[in-house]
1. Relative contact order (percent) for region A:155-235, with alpha-carbon contacts under 8 angstrom and 6 or more residues of separation?
2. Which FRET efficiency value, to the nearest 0.05, do you get for residue B:310 and residue B:117 by plugging their Cβ-Cβ distance into 1/(1 + (r/R0)^6) with R0 = 30 Å?
3. Which whole-Hz ³J(HN,Hα) couplings does region A:240-254 yield from phi under the Karplus relation 6.51 cos²θ - 1.76 cosθ + 1.60, θ = phi - 60°, glycine and proline marked x?
4. How big is the protein assembly as shown along each principal axis, measuring the range of its Cα positions in Å and listing the largest first?
5. Rounded to the nearest 20 Debye, what is the dipole magnitude of chain A about its Cα centre when Lys and Arg each give +1 and Asp and Glu each give -1 at the C-beta?
6. List the GluC sites (Glu not before Pro) within region A:295-379 that DSSP assigns to loop and that have no more than 11 neighbouring Cβ atoms inside 10 Å.
7. In cubic angstrom, how much convex hull volume per residue do the alpha carbon atoms of chain B span?
8. Output ³J(HN,Hα) for region A:217-233: one whole-Hz value per residue in order, computed from phi by the Karplus curve 6.51 cos²θ - 1.76 cosθ + 1.60 with θ = phi - 60°, and x for Gly and Pro.
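Every read-out reported here was derived from the displayed coordinates using simple, explicitly stated rules and does not represent laboratory data. Worth saying up front: this structure is predicted, and the values here are computed from it rather than measured. With ideal geometry, Cβ positions are generated from the backbone for all residues, glycine too; neighbour counts draw on all protein chains shown.
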Amino acid sequence: MAMLLTDEQNMLRDSARSFLQGSAPIDQLRRLRDDASSDGYDRSTWRSMVELGWAGVLIPEEHGGVAMGHVAAGVIAEEMGRTLTASPFLSTAVMGAVAIAKNGSTSQRDRWLPTIADGSINVAVAVDEYRSHSPTLVSTTVQSSGRGFRISGSKSFVADGHVADLILVSGRTSGDDKDENGISLFLVPRDSAGITIERQMMVDSRNSASVQLDDVMVDKDSLVGEVGLGYAALEQVLDAGRACLAAEMLGSAEECLAQTIDYLSTRRQFDRTIGSFQALQHRAAHLFAEIEIGKSAVMRALQALDAGSKERQLIVSVAKSKVGRVAQLAAQEAIQMHGGIGMTDEINIGFFLKRVRVAEALYGDANFHADKFARMRNY
Amino acid sequence: MNDLNTFRRETRAWLEAHCPSTMRLPLREADDSVWGGRQPTFKNDEQKVWFERMVEKRWTAPEWPVEYGGGGLSKAEGKILREEMKVISARPPLMSFGIWMLGPALLKYGTEAQKQTHLPPITRGEIRWAQGYSEPNSGSDLASLSTRCEQNGDHYLINGQKIWTSFGHKGDWIFVLVRTDFEAAKHDGISLVLVDMAQPGVTTRPIKLLSGASHFCETFFDDARCELDNVVGELNQGWTVAKYLLTHEREMIGGSAIGRAAMRPLSEFVTQQVGLNEQGVLSDPVLRTDVARNEIDALSFLWTTERVADEAKAGQGVGAMSAMLKYYGTELNKRRYELMMYSAGHDALTLDREDHLARDWLRTKGNSIEGGTSEVQLNIVAKRILGLPSV
């Protein structure tokens, strides 16, 4: 497959860019932060995104979506990375949608997909329990109980947890820590008895929460897939999220470089534009090269997900690992090349540093994915 | 599409029938490659047979026009041929600066007579070309070159010295950057001329490198003769041609670095050297991290070469992107060899290893110097892509 966007995807990128830069620029995130917004995102902006079809980007048409695929979802995520737009897009439209569209039963699909596509519910994915991403380390317990299941455990770093209506929870039905077998997935309504959700204030001013489950009862219909065999589905959901996060980080890295080039081209010291100094030119040119390399990994990963390639897990790990490091470099270099002003809250560069740090940790950082990559390559 | 499928089927069958089995093994020794020329050397019969069959099929330069000795294939067909050769690991039948560098420049800037005269012998491997660019005092600042070319009746006389002439001592002809206007600004007085090396005015002397090999030469011109019609492009406009040619050189160097990387994953080599522990992971955890990162970079780089090619084909390309690829590919290859040296331990340091790892490792240090240093590539990216100002 050619590594190019189709005409349709190019149009999507143009319209996403113009919408986000017009309606949801970084200043919006700054306002949400300064106003201590309780939602952590702007509901009317999200409503507009829903109207543009973004909530249904991975949902089949018969369930109210537009089914444009992962590359299209990545195009949107990349543009959101440029503007650092806060929204439930990743948790709901990407991961929630993939969880249910690809792995849900007919009744789950009929019930939930149209509500995701029309923006009436938010979904959060509650997977992590430990100090860093480890999807096989599941201590949350699940017991069969009469007409359903009883779930207890605590999840942390749940993106959009406190604004979710439905939470995808991984629980252990058998096996030990690190076993892939014995993990099951459940769709838990947030108003179930026994759920306590506490928002965590994050360095990037974006949404994250801890979710405590104390003997939460769910009925049989809430099980996604089969008992004990949820790990493959979970990985599919995570991979969609990882690839789109990589796309988002790519957008952030590109924006960091663009703002840095602008600054280098206008700031004067020693009676000359500082962009004429070779020391800075080489830093910028090296960063450009790293971003170009990362861009290819992102496109390859999104295309692999759309194609259902056998190597998609490997490729997604390459993308998340590579772009994670590239984005950290981009944000740090942007600050360095902006000099003192780069350290202030007044300009926006700092927002990128904070966001790409959180996005890096989310669903596996560069080290997690390098390790996973090496295992997949048998070393 | 159907035509392409047919072409692929026929190409596969032809290669299967005509590529000898030993020509499907990785290139190991220097003499595993065929370079042609007036006095061609072949290591064995199979190498000669493979070369001759591909010459006859006109697939040494598959995408060049038929009238100049090429195969006349479309870009899509050329890609299929490369893919099918890769599938069976077929060796390139002919290594040639004529095919990689001079040919594209002649096709774009050459006169009809120059194309007729010079291109067919290149495709048949009859003339081996060398490149006369760098001079002792003109390395990165190539445009400051001072080799003189002056008209002397019905021909030119060339005087000066070139350096880093790859395989200069084995070349038949050489394309040389010379100064033809001594008053003009430095970029405006340069011409690209074609010179027969079989004359007393041209002598070469191999340079011994730190790897012990001597692929590079100094080339001396003492009243060397060049016919008037052997100027490529317009007189004094050679810098334009030179830059175009350098683009192909950059692609060749960046591409060959990744060609090796794609052929065999680094982790395979390292696993063989270091071994796995009982958990099935590389026994050296620090090295494992470095190897994984290098492989992640290598795959991402490989996909970037594909993406850049796709963009170029779709007319969305950025010309200076070859500078980025040259920079990244060569630096990546140097890191790859450093990791190979770490993984092979003491054994890497001996000179009698069958895979001559130490020599190859030493050779890679030139990757980021030849064809424009990494710093020159970064300059090009900064100015031509990022639009940063000159001093």
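1. 37
2. Values: r = 35 Å, r/R0 = 1.16.
Calculated value: 0.30.
3. In residue order, the calculated couplings are 4, x, 5, 5, 6, 5, 4, 4, 4, 4, 4, x, 5, 4, 4 Hz.
4. 101, 64, 55
5. Working: 39 positive and 48 negative charges, 149 e Å.
It works out to roughly 720 debye.
6. Working: sites: A:311, A:333, A:346, A:360; in loops: A:311, A:346.
Those that pass, being in a loop and sparsely packed, are A:346.
7. Details: hull volume 65.4 nm³, N = 391.
Considering the Cα atoms of chain B, their hull volume per residue is 167 Å³.
8. 3J(HN,Hα) across region A:217-233, in whole Hz: 8, 10, 7, 4, 5, 7, 5, 9, x, 9, 4, x, 10, x, 5, 4, 5.
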